[in-house]
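Single-structure report; data block below.
The values are calculated or read from the model by the stated rules, or taken from the named source; none is laboratory data. Predicted model only: the values in this text are computed from it and were never measured. Counting neighbours? That spans all protein chains shown, and the Cβs are built from the backbone with ideal geometry, glycine included. Note: areas computed on protein heavy atoms with side chains; ligands, DNA, RNA excluded. Shrake-Rupley method; radii C 1.70, N 1.55, O 1.52, S 1.80 Å.
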Amino acid sequence: IEQEGWRCLPEEQRITADRFTVIILYLLGHRWPKQIEAEEPIPYWADADGIIPLTEATDEPTLLDRVRQRCAAEFPGGDVTSIEHEFAEIMGKPLDLWLTTEFFKHHVSQFKKRPIAWQIQSGRFTTRQKPAFGCLVYYHKLDGATMATIQSQYVRPLRQRYATELRGIEGIPAAARSARQDARRVEL
């Protein structure tokens, strides 16, 4: 089949989605029952608090950054650009868009509407606009302080950065602002 160049795109999509889902769950610190029984440790590169930001502008690497790091380490050759290109060819959308818009849908379906990774965000991800903040949260690390942690470690510093940026733009006289600055002011 490989010599003839035959392909089964639906099967390739399933395998690719499953492979990247496993990477994401490992990044969140998930271990499967056999790994727990064998007392395998959580990988050193897994997130300690089970919260991985989807959006930029936080002090932590985003899910996309972390997936890229794992791809470089786990795939033969480690050429992230070619891996992402092949991913987009198979899945029909780039990796960053799949992570923010399709991963959670796939995960919910795969885990029969009992997801262990929850996507929390301030708005919808679209091709044109991202929410101000979004993250994945690992269910098994949820506790009474998780939402407070998200608020204090991610959302509050992000809001402060945005408020500072807005004050900076508004400090420029309206006539002196560029079109880009006006657009960013409206966005903020």
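Looking across Phe103, Phe75, one residue alone is among the aromatic types (Phe, Trp, Tyr) and either in contact (Cβ under 8 Å) with a residue 24 or more places away in the chain or open to solvent by less than 50 Å² (accessible area, probe 1.4 Å) (or both). It is Phe103.
When Glu89, Glu170, Glu84 are checked against the criterion of being of a type in the set (D, E, K, R) and under 30 Å from Leu188 (Cα atoms), a single residue qualifies: Glu170. Of all residues in the range 30-57, those being buried (at least 18 other Cβ atoms within 10 Å of the Cβ) and either touching a residue at least 12 places away in the same chain (Cβ under 8 Å) or under 17 Å from Phe104 (Cβ atoms) (or both) number 9.
When the test is whether a residue is open to solvent by 60 Å² or more (accessible area, probe 1.4 Å) and of a type in the set (A, V, I, L, M, F, W, C), Ala176 passes it.
Exactly one residue out of Gln129, Gln151, Gln160 is out of contact with any Phe, Trp or Tyr (no Cβ under 7 Å at 6 or more places or on another chain), open to solvent by 90 Å² or more (accessible area, probe 1.4 Å) and closer than 18 Å to Pro61 by Cα: that is Gln151. Gln119 meets the conditions (1) under 30 Å from Ala183 (Cα atoms); (2) out of contact with any Asp or Glu (no Cβ under 8 Å at 6 or more places or on another chain); (3) surrounded by fewer than 16 Cβ atoms within 10 Å (Cβ to Cβ) in every case but one. The failed one is (3).
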